[in-house]
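The values are calculated or read from the model by the stated rules, or taken from the named source; none is laboratory data. From a predicted model like this one, the values you see are computed outputs, not experimental measurements. FYI the Cβ positions are ideal-geometry reconstructions off the backbone, even for glycines, and counts take in every protein chain you see. For accessibility, only protein heavy atoms count, side chains too; no ligands or nucleic acids. Shrake-Rupley method; radii C 1.70, N 1.55, O 1.52, S 1.80 Å.
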Amino acid sequence: MKRATAILLGSVLLCSVAESQPTPFAQPQSGSGPNWSQMSLGNIMLLIQARHAKIWYAGRAEDWSLLDYELNHVSDDLTAAAMLYREIPVELVTGADRHIARMKEAAGRRDAAGFQSAFSDLTSSCNACHAAGGVSFIHIQTPTAMPFTNQSIQSGGR
Ligand code: HEC
């Protein structure tokens, strides 16, 4: 990807995240943070997959704070993926990010139906990009069971 495109893409994708409050002590010291370029796209996608599941269960339980937190991380992860993937079709990344932004808005309104509709559209945009990237055999769906049993998700938030 050309540098100018990467910068443009980064700023487009980061604007929804910029509104969120950063976790105070999750900021790396300058120069010592992880080097995203050393992470493969497939590895970043595994993180996105885990959070896609948490987003579903947090949204269904209306745990709005957790939902907002996971959405910010997926948005960051997608930005990192876009930086790594040369020639990535920008509209496929911004398309996914638009549904993340819709879910954040739904979380702000405590709108369960709005959340479910945006989640379904996000899942479709995962698969649209997999088709474009020649990995359509990686088919994402709405989770059927929560894979993480070591984290509580509070009905109605906390
Ligand atoms: C902009 C394009 C794009 C978007 C959007 C995208 N993916 Fe991917 N994804 C890919 C590509 C390309 C690969 C293959 C990467 C590789 O093997 O190097 C991949 C691979 C994966 C994998 C396989 C990882 C593994 O090791 O098993 C999973 C799981 C995955 N994506 C989940 C998701 C989920 C969930 C979403 C939506 C929230 C999503 N992806 C959105 C492009 C995308």
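Observations on the model:
- Residue within the range 138-147 that is more than 19 Å from LEU46 (Cβ to Cβ), modelled with pLDDT of 95 or more, within 15 Å of the chain's Cα centre (by Cα) and within 15 Å of the ligand (Cβ to nearest atom) present: no
- Evaluation of ALA112 against the conditions (1) open to solvent by less than 70 Å² (accessible area, probe 1.4 Å); (2) within 12 Å of the ligand (Cβ to nearest atom); (3) modelled with pLDDT of 95 or more; (4) not acidic (Asp, Glu) shows that the sole unmet condition is (2).
- Residue count, the range 93-114 (criterion: assigned to a helix (DSSP H, G or I) and more than 13 Å from the chain's Cα centre (by Cα)): 8
- Within the range 64-82, residues that are farther than 13 Å from THR94 by Cα and in contact (Cβ under 8 Å) with a residue 40 or more places away in the chain sit with their Cβ atoms under 6 Å from residues that are among the aliphatic types (A, V, I, L, M) and open to solvent by 10 Å² or more (accessible area, probe 1.4 Å), at 6+ positions apart or across chains, in these pairs: ASN72/VAL17.
- Any hit, the range 51-64, residues being away from the ligand (no atom under 11 Å from the Cβ), among the charged types (D, E, K, R), under 23 Å from ALA145 (Cα atoms) and part of a loop (DSSP other than H, G, I, E, B): yes
- Any hit, the range 67-89, residues being within 9 Å of the ligand (Cβ to nearest atom), open to solvent by 70 Å² or more (accessible area, probe 1.4 Å) and in a helix (DSSP H, G or I): no
- Among the residues listed as ILE7, ILE48, the single one being modelled with pLDDT of 65 or more and part of a helix (DSSP H, G or I): ILE48
- Residue count for the range 115-137, restricted to those that are part of a loop (DSSP other than H, G, I, E, B) and either within 21 Å of LEU66 (Cα to Cα) or within 14 Å of the chain's Cα centre (by Cα) (or both): 0
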